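Encoded as structure tokens, the structure appears first; notes follow it.
No lab work stands behind these numbers, since they all come straight from the coordinates. Quantities reported herein were computed from a predicted structural model and do not represent experimental measurements. No Cβ is skipped: glycine too gets one built from the backbone with ideal geometry, and neighbour counts run over all protein chains shown.
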Amino acid sequence: MVEEGLSALAAILERCRLNHTTQSRPPNILQSLLAIQKALGSVPLHAVGEIAHALEVTEADVAGVLSYYPELRTRPPGRHLIRICIGESCVANHCDRVLAALRDALNIDVGETTMDGRFTVQRIYCVGNCAVGPSLMVDDDVHGRVAPQKVGELLNEYE
Amino acid sequence: MRTLRKRTEPGQAVRLTVDGQPVAALSGETIFMAAQKAGIRIPSLCRSDHLDPIGSCRLCLCEVDGQPGTPASCTTPVREGMVVRTQTDRLARHRRTILELYLSEQPSSPLPLPPIVTVGGRGKGEGGLQPLRDLAARLGLERVRYDAETHRASYRDESNPFFSLDNAICISCERCVRACDEIQGTFALTMIGRAFTARPIAGATPLAGEATGFAASNCVSCGACVKECPTGALQDHSIAKFGRPAKTVRTTCAYCGMGCAFDAGVRDGRVVSMVPADNGPSNLGHACMKGRYGWNYIYAPDRLRVPLVRRGKQWEEITWTAALDRLAEEFTRIKGAFGPDALATISSSRGTNEENYLYSKFMRCVIGTNHIDNCARVCHSATVTGMMEVLGASAATNSINDLDRAKLILVVGANPTESHPVLGARIKQAVRRGVPLLVVDPRRTELARLADLHLRLRPGTNVALLNGLGHVIVSEGLLDKTFIEARTEGLQDWMETVASCLPEVTERITGVPAVKIREAARRYATSGASMCVHGLGVTEHRWGSHGVIALCNLALATGNIGRPGTGINPLRGQNNVQGASDSGSMPMYFAGYQRLDDPELAVRHQAITGRPLPSRRGMKIPEMWDAALEGRLKGLWIIGYDVAQTDPNLKKVREALSRLEFLVVQDLFLTETAKFAHLVIPAASFLEKDGTFTNLERRLQRIRKATEPPAGILPDWQVVSEVATRMGYPMQYRHPAEIMDELARLTPTLAGVSYERLEQADGLQWPVPSAEHSGTPLMHADRFPRGRARFVPVDYLPPGESPSEAYPFVLITGRILQHYNCGAQTRRTDIVRLVDADVLEMHPEDAARLRLGDGELVRLVSARSEAVLPLAVSERVERGQLFTSFHFPATDTNALLSSSADESSKCPEYKVSTVQVEKPDGAQKITGAPTGASRALTRLIT
Amino acid sequence: MTRLYLSNDTSARAAGADRLAKAWAHTPGLELIRTSSRGAFFLEPLVERDMPGGRVAWSNVTPDDLPRILAGSGGAPVSQIPFLSRQTRVTFANFGVTQPLSLDEYSACGGTKGLERARQLSPGAMIEELKVSRLRGRGGAAFPVWNKWQIARETASDRKYVVANADEGDAGTYCDRMIMEGEPFRLIEGMLICARAIGADTGYIYCRKEYPAAAGTLRAAIERAERAGLLGSGPPGSHGTGFHLEVLVGAGSYVVGEETALLESLEGRRGVVQARPPYPAVSGLYGRPTIVSNVLTFAIVPSILARGGEWYASMGTERSRGTVVLQIGGRVKQPGLVEIPFGATLEEVLERFGGGMAPGARFKAVQVGGPLGSLFPASRLGIRICYDAFAEAGAILGHGGIVVYDDETDMVELARHFMAFTADESCGKCTPCRIGSVRGREILERIQVGRGRPGDLDLLADLGETMKTASLCAFGGRAPYPVLTAIEHFGEEFRRLMK
Ligand SMILES: Nc1nc2c(c(=O)[nH]1)N[C@H]1C(S)=C(S)[C@@H](COP(=O)(O)OP(=O)(O)OC[C@H]3O[C@@H](n4cnc5c(=O)[nH]c(N)nc54)[C@H](O)[C@@H]3O)O[C@H]1N2
Ligand SMILES: Nc1nc2c(c(=O)[nH]1)N[C@H]1C(S)=C(S)[C@@H](COP(=O)(O)OP(=O)(O)OC[C@H]3O[C@@H](n4cnc5c(=O)[nH]c(N)nc54)[C@H](O)[C@@H]3O)O[C@H]1N2
Ligand SMILES: Cc1cc2nc3c(=O)[nH]c(=O)nc-3n(C[C@H](O)[C@H](O)[C@H](O)COP(=O)(O)O)c2cc1C
Ligand code: SF4
Ligand code: SF4
Ligand code: SF4
Ligand code: SF4
Ligand code: SF4
Ligand code: FES
Ligand code: FES
Ligand SMILES: [Mo]
């Protein structure tokens, strides 16, 4: 698994490197990390050295970026990432009630992953769905007008 | 590498009013800078004279008429007519709140003000928060109203051998991070996290909760971050251990030829810190690991403290009087029995100008021979011969600060980020500003990696490559005809030579693709100001002088000489290798490169020294070995030079040393060479004496005594004075200043030098022809010493050895950042906690082919000897090539090498030897297991 | 064959549009056209059909409604939906009508006219047109657009960049997302015009991670524009390919919406705010002159070029010209996008467009301008929607987000939420915001659990004052406003907890 991840990593890094050369711009750490996360589910800390080497930047440079952005993670999340919006429009629409329902349904708190590895719950500040809030984003799907009592049903769509 | 955001360059005069006071400034300057110049103190923590402002602390707020809000004075540029207030009640209130916030994040529950903390080895009697307390007192803050719950993480990184980071007292001002980026260009630090948790770390391992940031990062321990830290969160171990200095003494680093100015911090008679001086003319406040932290060898337990004489295989301690008597007696005896030419001295390029002058005076006036040489022989002697031939002078034509004026930088056979790290950092700064960089080197050095073009030539093919560049310059019409016409001669001959050096032909010899050759030539010729720096990759070759000549030819052809930001600039190696030669420790020249047969000099010499100047040229170091082996040389005095480790073909050198009737070695330590001596004399270090060094840009700077040497030890100049006096030629100087006065009287290029003048922080760059002359930052502006410079055609000739079946690898030797030459000094500092062995660098493909792994011990075999050392798999070296250093006696690297040397200068061919690499078989005992090299720590700079 | 129009906008899909599409996928004789959204989100999913008198719409449709729609019964003519008919749609005129990725439809509905006009003008004349229009940036700072362009145009450089700020971080705003998903060519056209005016050859759209659909649509649109020859397809700087445009996606972080932080992030580094000057127009991306503008700002530009600056300047108030795009959310009956000339009062907007409160809800406060915007109680709704009136009130229009809170909202908790947001999202560069936000949050937290101390509200006010004046960027500078206005207007709720 780790082996596999690493060779995938090497391939992504090669792509990132090529991209920078053809775009004639310096290596883009953030975009590379996003590409890695997309492929591996996370940016494992033990890969930082290799990433830095491939991008010709220092490990510190990578660490700085990796720790800055909330969307970057060093451990893979559950199979599905639930992001509950706590932006003001959703707050106004009492998203706290949705969050409570989520907690009840999954038995986990924000930032945690269910025992079966199916869901991870995170907060998010607005998904641009404010007119149809409260909003819940599961992976790339946005769900609107989420009623607290319908949360369980909604999650059933995700294996 | 991060791009720099451009700010307006300082330009026009601007007038503004700050706190009612008229202030003159330049456009592009900030309000803070203007106020500072006018003596107005604005509180600040995150700002520094050496860094781009970022506006983090917000203490420097000000009010500007007609502008809303309170801009930070450190980031706001001045404008004509601006009216600024920096001290109002409102500003004071906000400043207090800000300071209150800072104090509230400290874990020491700061009510009313934090108690003084002296946790874990911080400075004696000093709270880490002292700077904040001082500021609180200044701003009238008495109470912190937040009894905060959230504090800084308690994180301490002790993994660096020289300093530590304590996050608890850090204020996240980023000065350390910016210092690493902007000054040193190493990018080892970063801020991590965001919001309240944003804090500095080194490397990446702290993300995983490990306190190994510095150790696991690419930090080069330059100390820039520590120096910039306003709180003491980053602090030198030595300060923590011994306390803050009570006084400082301005001096000059005694390692490499950069000549970094330092303030030695002294407390209770002991040196406790070395901090690079902001007004150091060559280093501008920066330093490297060795100068900054590699000085406590002066307190090494095994330092020589008393003279020793050999009794068979035993050493016996003798008194200073007995030692000096013995030396004088032996030299008198040998001179009497075999004549002056049976004696020779190898003077130290590590010593002062005054000392080198005195040793040469001793040989010339007391012994009556020119058999005196110095370590420049094995280093840049080819530069001396080469530049003399073309230009008539053999020193850097320009100044280090010209790196800021160059429009292109060409680095040939030099690795400044390791060998001259402060200069390397300056080049990296230029690259960040967008100045193009070309690197000619077989290895992928740090600068090669950053270069616009890396011409990765085969070792030993400089002349071919440089002629190839010449060909392109000629064939594409890039010659600077005006310059050539006005200032040079001999163009035709050179053009004929390079006519056949087509890029494709050059590619076959050098391995550098023809397209790159063309591009490099065009860029060098057309940048407007191309500055060349070169190193041992040019000189330490079979045809080293030719390499230097070929470089000079290119500069002449393109007019890249005699102007700011151009020139031919040898990166002279040791602290005073330039000065040792300048002051006459040379067999071919008198001080100032005056010809020994110059009748005028003879008269002056007689008048001043009272003795005639021997006019027959003396022996160069390699000739001394031959003479010793042949029995012609009987007595030799070696000062601060470990020939038995650092000269090539060590079997021969050692044999020669052991044939001598009398060998006296004068050093701080019992070096490999001292082991052959009949008499060993302890030496004082640079921190324990006065004198001058001349750096690689011809700048004479003072060194000053900061502390006493161990009891009884005389500085080298006093030793030679004593011996001369005993031999009937009294040398009675009370102070090195008097020696300099004499040297100045004898040497036209130094005529205007005196200690009085050297009191100025900038030192003096020779030529200084008179007391009124302010020195020469730029040479050859109007004419060359020989009138016109002369193109000297040189043809490519192959190196001494070519790979064969038996010895298929080409071994390049050189130095690494962490250690210095014979290592006698750096091996006795905490630097060994970073690197404790020479390693053999091999390309990953070669390693894979030979089934060798990182860290494995291998045997390196040449026609002369073999060495066992650990392998480091590295892409710094090309396939088929190897690299190692010569810093550890246990490796005995130089026993592998031959005596092959440059024809005219005798500069050894250290850079090309052919070798084989073998796996040491299991039974093989590693003889002389690396001293202290138990773990083979290494840290390659890429 | 019956053609039905159904929006493909994220919010329409979140409201159930995809469910309809899925349910009806195999219905014979039915062609489902996925369009942009009209922005009347309270009606979504909205299904439309061409009828002799124009489009007719069915709102809040469920799969079972199909027969009704096919029969043509029960729908309302779009032109008679008051929420839409009362608006002055300029930038959003085609929304709900066209297919986002059809360049032909875009041109047919007036698109690319601005670019054609720009091609006939000199850069100076283009900038003059913008000057006449008096367009101000819609990203928050409301800086005159022509002025920025002028500076970038005059700054000499080997390279210049155009960057669309598509970070749309303000909660309660979504018009940028709608543009990117609904009429991406409008953004591209605006950027192309800007590139011509300043002499840029490369552009980037920095799209926030939370908008995957927008990034996907933009990439597809760029590909089509390249095929149509509007954009170059080679790498930046390669000659003869014209303008190179690329979408880069962020990774969270509110502050990255600030222009200097955005450029840092675009270069792949920590998205931390940088002190200005230098301003991006002088030294931005990779140290080169760069125009960073909001998506909406770019999207307005084609219309100005096509119809003239004077036409644009004829709308709005003295110093706030043209139309304002408001996005109403929270507890109103009719949340959605509203484009009207500047100058209406907040109250009018909430009544005429918001339609009053959601069923069962009672008004408590409204916040304009995102998480850094001030709160208004019922007594202050008379304020006019224009830059000056808001500035005078110490408030901001921001990106036009309007969030209405009902009376079940706990103001202390809301204030804590704001400070917690600041403490989470601060970039950490400057002291007042980095430490101050945490201290502010701590004070509110202790008030909330009944452990507030007598001087706490004063301390908050004091801290807020320093954050406002001393912060490096508007994030820390604005962060105290929602908290302090909550205390100002609903102080009783705080004091009650401190007994
Ligand atoms: N840390 C540290 N600093 C030092 C010293 C030290 O021991 N340690 N020593 C000091 C002394 S005495 C000196 S002289 C200076 C020397 O400083 P440098 O001149 O930098 O010396 P080296 O690193 O030995 O060699 C320079 C480069 O020449 C390259 N080279 C080898 N062969 C060729 C060739 O054929 N052509 C070209 N173009 N390049 C080639 C090598 O790969 C190497 O990168 O450093 C001084 N500074
Ligand atoms: N294989 C290989 N060998 C090389 C080179 C290479 O590139 N490859 N480079 C060569 C070059 S460029 C050089 S310059 C040489 C340098 O080689 P060395 O000159 O032998 O080495 P250093 O370490 O510079 O200094 C020698 C001694 O000077 C002593 N010393 C320091 N200060 C003083 C002082 O004030 N007084 C006295 N009396 N002694 C002092 C130190 O303790 C040390 O033992 O090595 C050469 N050897
Ligand atoms: C904290 C902060 C967040 C911001 N977020 C955004 C944003 O999400 N989108 C945006 O267009 N501008 C944002 N801005 C404003 C930008 O800094 C910049 O002014 C704007 O993108 C310029 O575009 P304009 O001229 O079209 O308004 C933000 C500013 C601050 C201080
Ligand atoms: S010591 Fe020098 S290289 Fe190391 S982190 Fe500090 S500044 Fe960077
Ligand atoms: S360690 Fe020192 S320089 Fe670095 S951020 Fe902390 S206080 Fe500033
Ligand atoms: S660069 Fe050279 S002179 Fe400067 S501190 Fe380092 S060793 Fe000393
Ligand atoms: S503040 Fe009032 S008067 Fe002034 S421009 Fe706005 S609407 Fe008009
Ligand atoms: S105010 Fe906040 S977001 Fe803005 S620079 Fe300061 S710390 Fe960063
Ligand atoms: S506030 Fe939740 S989607 Fe915008
Ligand atoms: S000194 Fe200006 S903000 Fe820190
Ligand atoms: Mo040297």
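Observations on the model:
- FRET efficiency, B:ARG244 to B:ASP89 (Cβ-Cβ, R0 35 Å, nearest 0.05): 0.50
- Across A:LYS38/C:LYS209; C:LYS209/C:LYS333; B:LYS407/B:LYS428, pairs whose alpha-carbon gap is larger than 19 Å: C:LYS209/C:LYS333
- Shape call, the range B:302-366: gyration tensor on alpha carbons, a/c limit 1.5: oblate
- Whether the range A:2-68 is rounded, prolate or oblate, judged on the alpha carbon gyration tensor where a/c under 1.5 counts as rounded: oblate
- Relative intensity, log₁₀ I(q)/I(0), of chain B from a Debye sum that treats every alpha carbon as a point, q = 0.06, 0.10 Å⁻¹: -0.44, -1.21
- Scalar couplings 3J(HN,Hα) for the range B:443-448, obtained by applying the Karplus form with A = 6.51, B = -1.76, C = 1.60 to θ = phi - 60°, are 9, 8, 6, 4, 5, 4 Hz; x denotes Gly and Pro.
- Inter-part distance, the range B:147-166 to the range B:17-66, computed on C-alpha centroids, equals 31 Å.
- Alpha-carbon Debye profile of the range B:431-475, log10 I(q)/I(0) at 0.16, 0.17, 0.21 Å⁻¹: -0.49, -0.54, -0.75
- With a threshold of 23 Å on the Cα-Cα distance, the over-threshold entries among B:LYS361/B:LYS689; C:LYS148/C:LYS468; B:LYS652/B:LYS906 are C:LYS148/C:LYS468.
- The label point for B:SER770 and the one for C:ARG495, both projected 7 Å from the Cα toward the Cβ, are 8.7 nm apart.
- Taking only alpha carbon atoms, the range C:2-85 gives an Rg to Rh ratio of 0.92, where Rh is the Kirkwood radius.
- With a simple spin-label model that places each label point 7 Å from the Cα along the Cα-to-Cβ direction, the separation between B:ALA38 and B:ALA607 comes to 5.7 nm.
- Considering only beta bridges that DSSP places wholly inside chain B, some 60 percent are antiparallel.
- Point-charge dipole on Cβ atoms (K/R +1, D/E -1) for the protein assembly as shown, about Cα centre, debye to 20: 1620 debye
- Here the range A:80-155 yields Rg over Rh of 0.93, to two decimals, using C-alpha coordinates and the Kirkwood radius.
- Whole-Hz couplings from phi, Karplus 6.51/-1.76/1.60, listed for the range B:818-826; x for Gly and Pro: 7, 10, 10, 6, 5, x, 3, 8, 5
- Per-residue average of Cβ from other chains inside 10 Å of B:626-632: 0
- Cβ-based charge dipole, the range C:411-496, positive-most Cα from C:GLY428, C:CYS473, C:VAL438: C:GLY428
- Rg and Dmax of the range C:411-496, Cα atoms only, in Å: 11.7, 36
- Less than 5 angstrom separates the built amide H of C:SER157 from none of the residues sequence-distant by 5 or more or on a different chain.
- Rounded if a/c under 1.5, otherwise prolate or oblate - chain C, Cα gyration tensor axes: oblate
- Rounded tilt (10° steps) of B:514-526 against the dominant C-alpha axis of chain B: 70 degrees
- The range B:751-791 and the range C:258-290: distance between their alpha carbon centers, rounded to Å: 45 Å
- Computed over the protein assembly as shown, the P(r) tail beyond 65 angstrom holds 23 percent of alpha carbon pairs.
- Pairwise label distance in nanometres, B:GLU600 with A:ASP140, each label 7 Å out on the Cα-Cβ vector: 8.4 nm
- Remark: the range C:45-53, residue by residue, has Karplus-estimated 3J(HN,Hα) of x, 10, 10, 10, 8, 6, 10, x, x Hz, where x stands for each Gly or Pro and the curve is 6.51 cos²θ - 1.76 cosθ + 1.60 at θ = phi - 60°.
- Between B:ASP452 and B:GLN760, the FRET efficiency from the beta-carbon distance, with R0 = 35 Å, is close to 0.40.
- Mean projected area in nm² (Cα convex hull; one quarter of hull surface) for chain A: 10.4 nm²
- Applying 0.36 nm per residue to the separation of B:ARG617 and B:ALA13 and subtracting their alpha-carbon distance, the gain on full extension is 211.6 nm.
- The protein assembly as shown - share of DSSP beta bridges that are antiparallel (%, nearest 5): 55 percent
- Computed over the alpha-carbon atoms, the range C:108-237 gives an Rg to Rh ratio of 0.95, Rh here being the Kirkwood radius from the mean inverse distance.
- Shielding by partners, peptide A:133-141 (average Cβ within 10 angstrom, other chains): 3
- Long-range HN-HN contacts of B:LEU410 with modeled amide H, under 5 Å: B:LEU438, B:MET531, B:CYS532, B:VAL533
- Dipole magnitude of the range B:359-473, debye to nearest 20 (Cβ charges: Lys/Arg +1, Asp/Glu -1, about Cα centre): 240 debye
- Note on chain C: antiparallel DSSP beta bridges, both residues inside, total approximately 50 percent of the bridges counted.
- When each full DSSP H helix of chain C is screened for a Cα extent of at least 24 Å along its own axis and an average Kyte-Doolittle hydropathy of at least -1.0, none passes.
- Positive-end residue, the protein assembly as shown charge dipole about Cα centroid, Cβ charges, pick of B:ALA901, C:ALA71, B:THR352: B:THR352
- Under the criterion of Cα pairs below 8 Å and six or more residues apart, the relative contact order for chain A equals 19 percent.
- Amide H to amide H distances under 5 Å link B:GLU29 with B:GLY11, B:VAL78, where only residues 5 or more positions off or on other chains count and H is placed in the peptide plane.
- Rounded tilt (10° steps) of B:736-746 against the dominant C-alpha axis of chain B: 60 degrees
- For A:ARG75 and C:ALA393, the FRET efficiency from 1/(1 + (r/R0)^6), where r spans their Cβ atoms and R0 equals 56 Å, is about 0.75.
- Protection proxy ranking of A:109-116, B:98-105, A:32-39, B:774-781 - average other beta-carbon atoms within 10 Å, highest first: B:98-105, A:32-39, B:774-781, A:109-116
- Using the rule -39500 (n - 2.57) for each DSSP H run of four or more residues, divided by the residues of the protein assembly as shown, the 222 nm mean residue ellipticity is -9500 deg cm²/dmol.
- Hull volume in cubic angstrom per residue (convex hull over the Cα atoms of the range B:150-200): 82 Å³
- Charge-dipole axis of the range A:2-68 as Lys and Arg at +1 and Asp and Glu at -1 on Cβ define it, positive-most pick from A:LEU13, A:ASN28, A:LEU66: A:ASN28
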